[in-house]
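K.L.:
My questions all concern the structure below.
The values are calculated or read from the model by the stated rules, or taken from the named source; none is laboratory data. Everything numeric in this text was worked out from a predicted model, so none of it was measured. Virtual Cβ from ideal backbone geometry, glycine too; neighbours counted across all protein chains shown. Accessible surface is based on the protein model in full, side chains and every heavy atom, while ligands, DNA and RNA are left aside. Shrake-Rupley method; radii C 1.70, N 1.55, O 1.52, S 1.80 Å.
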Amino acid sequence: MENRIKECQLDLFADRTATMRANQLRLWFASMAYVLLSALRRIALAGTRLATCGSIRLKLLKIGAQVRLSGRRIRIACPHADTFAQAHHRLCS
C-alpha cells in the first residue's frame with residue numbers, strides 16, 4: 001500500500017497545491033488517473049515490462065519518436081511501438 005501511495009505522489013503529482021480546494025481537486029484527478037492506469041496495467045499491459053505509473057506515462061502515453069532524414073525519405077521510429085500495438089489490440093478485443 002505504501003508503494004502505491006508513493007507512486008501516486010511521485011508519478012501522478014498528487015501533492016503540489018497550496019489551498020484546500022485545489023488540493024482536493026488535484027487528489028481527485030490523481031485518483032482518477034491512478035484508477036485508469038491501474039486498469040490499463042491490469043488489462044492491456046499484462047506480461048509487459050511496464051509495471052509502474054511512471055514507466056507507463058513515460059514510455060506509452062508520452063509518445064516519442066525518432067526522426068531520421070535521408071536523401072529521399074523521412075523515417076519515424078517509435079521505440080515502444082510493439083508494446084503500444086499490443087496494448088491497443090488487448091483493449092479493442
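K.L.:
Taking region 24-49, which residues are closer than 18 Å to residue 92 by Cα, under 10 Å from the mean Cα position of the chain (by Cα), open to solvent by less than 70 Å² (accessible area, probe 1.4 Å) and of a type in the set (A, V, I, L, M)?
P.N.:
Listed by number, the residues that qualify are 37, 40.
K.L.:
Considering only region 42-87, state which residues are in contact (Cβ under 8 Å) with a residue 40 or more places away in the chain, part of a helix (DSSP H, G or I) and not aliphatic (A, V, I, L, M).
P.N.:
If the condition is that a residue be in contact (Cβ under 8 Å) with a residue 40 or more places away in the chain, part of a helix (DSSP H, G or I) and not aliphatic (A, V, I, L, M), then 53, 54, 57, 86 are the ones that fit.
K.L.:
Any residue at all in region 64-83 that is open to solvent by 90 Å² or more (accessible area, probe 1.4 Å), out of contact with any His (no Cβ under 9 Å at 6 or more places or on another chain) and modelled with pLDDT of 80 or more?
P.N.:
Yes: region 64-83 contains one or more residues that are open to solvent by 90 Å² or more (accessible area, probe 1.4 Å), out of contact with any His (no Cβ under 9 Å at 6 or more places or on another chain) and modelled with pLDDT of 80 or more.
K.L.:
Test residue 52 against the criterion of being surrounded by 13 or more Cβ atoms within 10 Å (Cβ to Cβ), of a type in the set (Val, Ile, Thr) and either over 12 Å from residue 87 (Cβ atoms) or at pLDDT below 80 (or both), and give yes or no. Working first, answer last.
P.N.:
Values: surrounded by 13 or more Cβ atoms within 10 Å (Cβ to Cβ): yes; of a type in the set (Val, Ile, Thr): yes; either over 12 Å from residue 87 (Cβ atoms) or at pLDDT below 80 (or both): yes.
Here the answer is yes, as residue 52 does meet what is asked.
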